[in-house]
Amino acid sequence: MERHILIESVAPSLDCGRYPVKRPAGEACAVEATIFRDGHDVIRARLKWKRKGGERFSAEPMRPVNPGLDWWRGEFPLPEPGRYVFAVEAWTDRYASWLADLKKRVDAGYADVRGELEEGIQLLAEMAEKAQEADWVRLRASQEALKTAQGPGEAYKAASFADLLEAVERHQPRPDLVTIPSLFEVMAVPERGRCGAWYEIFVRSQGAEPGRSGTFRDAERRLTDIREMGFDVVYLAPVHPIGRTKRKGRNNALEAGPADPGSPWAIGSEHGGHMAIEPSLGTLDDFDRFVAAAEAQGIAVALDFAIQASPDHPWVREHPEWFYRRPDGTIKYAENPPKKYEDIYPVNFDSPQREALWEELLRTVLFWIGHGVRIFRVDNPHTKPLAFWEWLIAKVHETHPDAVFLAEAFTRPPMMKALAKLGFTQSYTYFTWRNTKHELTEYLTELTQPGTLDYLVPNFFVNTPDILTEYLQHGGRPAFKARLVLAATLSPAYGIYSGYELLENAAARPGSEEYLDSEKYEIRVRDWNRPGHIKDFIARVNGIRRENPALHRLGGLRFLHADNDQILFYAKRSADGSNILLVAVNLDPHHPHHCTAHVPPGEIGLPAGSRYEVHDLLTGARYEWSERNYVRLDPEAEPAHVLRVERVF
């Protein structure tokens, strides 16, 4: 049979269905398509979906939302995290086409419609042959009603009863059914995969005694402090045994002293590798206890997943083929000239034994999932094959669909986007280096485009153990507060590296983004309550995040006009429009600035000419606002307003 129906522009779709789109678990996934056929016959369409790997599809009718453009819409539920597939089907509704043609004749006053009625009777007979019980009775009764109808009007009425149309829908033939040729995939992301406040720690620096490694028991005691600041994810730098060969010293010195603990990213020693615990931190039982204690306080544990090995890693002895070798037979260490990482061997994914390597890495992830970890921050994924990540993440999601993978890939945009497309739940971004009004507006506009929203979930880390930006080095307390507000209100997921609350800003040297006395190479002991901290401010900001649904999603962001290049002004709005925030941030940490902030009512879902009360959630102040409003922000007081629209006059 010749095809009469076309299905085009199916959405959501990422790269023509090559990759899954991301949607929140627990919500419905809307599907749209352009569906049409030649001629004037009536068509029907339906949406079919199932869990990926499931046996049976569920189905729901699609409805035309813009008949003039042949634009159809349907939706299906994503009740749990995991992967789902869907398809769109369409067919000619022969009975509806016949009924529409009959109605035209009735409306035109035709007295003789016997030929049309014979067609309808034949259609009902075909359907009755396959029907059972009540539907068979209804279809047979309708045939008789058409045969005995007194005039066209009565015939049309008999042919269009609702219960008859329902029976027809269940049994009508679909000889010209058209289905899109491939399934489209949706990744239903768990809440912690799209929204969360992260706090990064080195377990060994959670103790109170200088020169002694902190332990999981020490880190457990810090959980209350972390929870009170409002964080719901604690991310651990690597906790595995640290190698001794070519161990780094303080401040990345090439030679270590007797007491230097080395870099946690130099993984592997005589105590084990990626599935072992550094003895100075405790035991695997201590780790399990820490995870349970965190969960009891509503905090998820994220683990660093770094695919590399120290020269002392068991892999080097047991699987030397997994590493790069020089012509003289020695294993190559990692280099990024002029930097040398002699304490680390990169892994060779092109090894002839790559299948065994891949399986070992999968086993590693599943091992830690077995110990309560569901979140993995992946170190430098852009230096490993994309095919490996696509395989690994898909394999993990087969049995643990709630697992979250954060890509730490500060790299070129195409690679960053590719990692997000092929399965990484979240992505580090360039936010860390976007400081000006133009940079922030341009970058967030890019991230919130409909196409990008389908796959890239950003995590705005304000700093990391490797990145202390110039803005934080020289901006003082106002800079730390401003960047926190920006990260926490622009993105539903953000993070800080511990020490941020203490305003740590000493760089290794001028022009460097590395920390002086970096915790990567030594044990740090801190007074977490020393004067000058901003823990209360962080707790207030995280409390605002929890209480306002507008901050739980990346969409709903609108940049608004403020006539001062040092003040960034934007609105965040919840999906249902009930929660509206207006945020103004002074980007200059050294000077007060003021502006006129413009709020077109339509941009925030209010009627034209509205006046309303806003509540500053940072200070408690209340103001009456309208379309034009005066704003003054002194960074020495508070560098930002976070205003909630609470009452429209």
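Of interest is the spacing of the C-alpha centroids, which for the stretch 554-579 and the stretch 488-508 amounts to 22 Å. The distance linking the stretch 77-156 with the stretch 443-482 is 58 Å (Cα centroid to Cα centroid, whole angstrom).
Using DSSP to define loop residues, name the trypsin sites (Lys or Arg not before Pro) in the stretch 586-633 whose beta-carbon has at most 13 other beta-carbon atoms within 10 Å.
Taking the stretch 586-633 and a limit of 13 other Cβ atoms within 10 Å, the loop trypsin sites (Lys or Arg not before Pro) found are ARG611.
Share of Cα-Cα pairs in the stretch 518-649 beyond 20 Å, in percent? Above the 20 Å cut-off, the stretch 518-649 has 51 percent of its Cα pairs. log₁₀ I(q)/I(0) of the stretch 288-437 at q = 0.14, 0.18 Å⁻¹, via Debye over equal Cα point scatterers, no solvent, to two decimals? Treating every Cα as an identical point scatterer, log10 I(q)/I(0) equals -0.80, -1.20. The loop-placed chymotrypsin sites (Phe, Trp or Tyr not before Pro) in the stretch 114-179, going by DSSP, that have at most 14 neighbouring Cβ atoms within 10 Å of their Cβ come out as PHE161. Expressed as a whole percent, the accessible surface of the stretch 407-469 that belongs to carbon and sulfur atoms is 57, based on a 1.4 Å probe.
Looking at the stretch 274-384, the accessible area is 44 square angstrom per residue; that uses a 1.4 Å probe and ignores ligands, DNA and RNA. Once Rg and the Kirkwood radius are both taken over the C-alpha atoms of the stretch 205-268, their ratio Rg/Rh works out to 1.04. The string of couplings for the stretch 628-641 from the Karplus curve (6.51, -1.76, 1.60, θ = phi - 60°) is 10, 9, 8, 10, 10, 10, 9, x, 6, 8, 9, x, 8, 10 Hz, one whole number per residue in order, with x for Gly and Pro. Kirkwood analysis of the stretch 70-215, using all unique Cα-Cα pairs, places the hydrodynamic radius at 20.4 Å. Normalised Debye scattering of the chain at q = 0.07, 0.10 Å⁻¹ gives log10 I(q)/I(0) of -0.58, -0.97, counting only Cα atoms as equal scatterers and leaving out solvent. With all projection directions averaged, the alpha carbon convex hull of the stretch 470-550 covers 6.0 nm². Cβ under 11 Å from ALA394's Cβ, ALA394 left aside: what net charge do those residues give with Lys, Arg +1 and Asp, Glu -1? Computed value for this residue: 0. What the stretch 31-111 shows is 53 Å² of accessible area per residue, with the surface traced by a 1.4 Å probe over protein heavy atoms.
Local charge for GLY602 was computed over the other residues whose Cβ lies under 11 Å away, with Lys and Arg +1 and Asp and Glu -1, and equals -1.
For the stretch 1-54, the C-alpha radius of gyration sits at 1.42 times the compact-globule guess of 2.2 N^0.38 Å, with N the residue count.
For the stretch 345-393, the residue among SER351, PRO381, HIS371 whose Cα projects farthest onto the positive side of the dipole built from Cβ charges is HIS371. Overall shape: oblate for the stretch 44-145, with the ratio a/c of the largest to smallest alpha carbon gyration tensor axis at 1.5 or above and b/c at least equal to a/b.
Sorting the segments 141-149, 201-209 by their residues' average number of neighbouring beta-carbon atoms within 10 angstrom, most packed first, yields 201-209, 141-149.
Kindly give the semi-axes, whole Å and largest first, of the ellipsoid equivalent to the stretch 327-375, taking each as the square root of 5 times a Cα gyration tensor eigenvalue. Values for the stretch 327-375, descending: 28, 17, 8 Å.
With 0.36 nm allotted per residue and the present C-alpha distance subtracted, the ASN529-ALA506 stretch has 6.4 nm of extension available.
Among the listed pairs LYS52/LYS417; LYS22/LYS572; LYS417/LYS535; LYS50/LYS395; LYS340/LYS384, give every one whose C-alpha distance is greater than 30 Å. Among LYS52/LYS417; LYS22/LYS572; LYS417/LYS535; LYS50/LYS395; LYS340/LYS384, the Cα-Cα distance tops 30 Å for LYS417/LYS535.
When the accessible area of the stretch 493-649 is computed with all protein chains present and a 1.4 Å probe, what percentage of it is carbon and sulfur? Solvent-exposed carbon and sulfur of the stretch 493-649 make up 47 percent of the total. Diffusion of the stretch 215-368 by Stokes-Einstein, at 10 °C in a medium of 1.306 mPa s and with Rh set to the Kirkwood radius over alpha-carbon pairs, works out to 94 µm²/s. Rolling a 1.4 Å probe over the protein heavy atoms of the stretch 135-194, with every protein chain left in place, gives an accessible area that is 56 percent carbon and sulfur. The residues neighbouring ALA407, those whose beta-carbon lies less than 12 Å from its own, together hold a net charge of +2 under the Lys/Arg +1, Asp/Glu -1 convention. Along its three principal directions, the equivalent ellipsoid of the stretch 131-232 from the Cα gyration tensor extends over semi-axes of 74, 16, 12 Å, largest first. Summarising the overall dimensions of the stretch 437-512 from its C-alpha atoms, the Rg and Dmax are 13.8, 42 angstrom. Hull volume per residue, based on the alpha-carbon atoms of the stretch 255-317 and their convex hull, is 105 Å³. Against the chain, whose longest principal axis is taken from its Cα atoms, helix 133-148 shows a tilt of about 40°.
For the chain, the share of DSSP beta bridges that are antiparallel, to the nearest 5, is 70%. With 10 Å bins beginning at zero, the pair-distance distribution over Cα atoms of the stretch 345-415 amounts to 17, 52, 29, 2 %. With helices as the sole contributors, the chain gives -9000 deg cm²/dmol at 222 nm; each DSSP H run of n ≥ 4 counts as -39500 (n - 2.57), and the sum is divided by every residue.
In order along the stretch 43-49, the phi-based Karplus estimate (6.51 cos²θ - 1.76 cosθ + 1.60, θ = phi - 60°) of 3J(HN,Hα) comes to 10, 10, 9, 9, 9, 10, 8 Hz; Gly and Pro are listed as x. Averaged over residues, the count of other Cβ atoms within 10 Å places the peptides 409-418, 258-267 in the sequence 258-267, 409-418, highest first. Here, the stretch 17-85 yields an orientationally averaged convex hull projection of 5.7 nm² when only Cα atoms define the hull. The residues of the stretch 530-637 present an accessible area of 44 Å² per residue when probed at 1.4 Å with all protein chains retained. Hey, if you drop one equal point scatterer on each alpha-carbon of the stretch 125-178 and run the Debye formula without solvent, what base-10 log of I(q)/I(0) do you get at q = 0.20, 0.22, 0.23 Å⁻¹? Debye curve over Cα of the stretch 125-178, log10 I(q)/I(0) at q = 0.20, 0.22, 0.23 Å⁻¹: -0.70, -0.81, -0.86.
The values are calculated or read from the model by the stated rules, or taken from the named source; none is laboratory data. This one's a predicted model, so the numbers in the text were calculated from it and none came from an experiment. Here the Cβ is made from the backbone with ideal geometry for all residues, glycine too, and neighbour counts use every protein chain on show. For accessibility, only protein heavy atoms count, side chains too; no ligands or nucleic acids. Shrake-Rupley method; radii C 1.70, N 1.55, O 1.52, S 1.80 Å.
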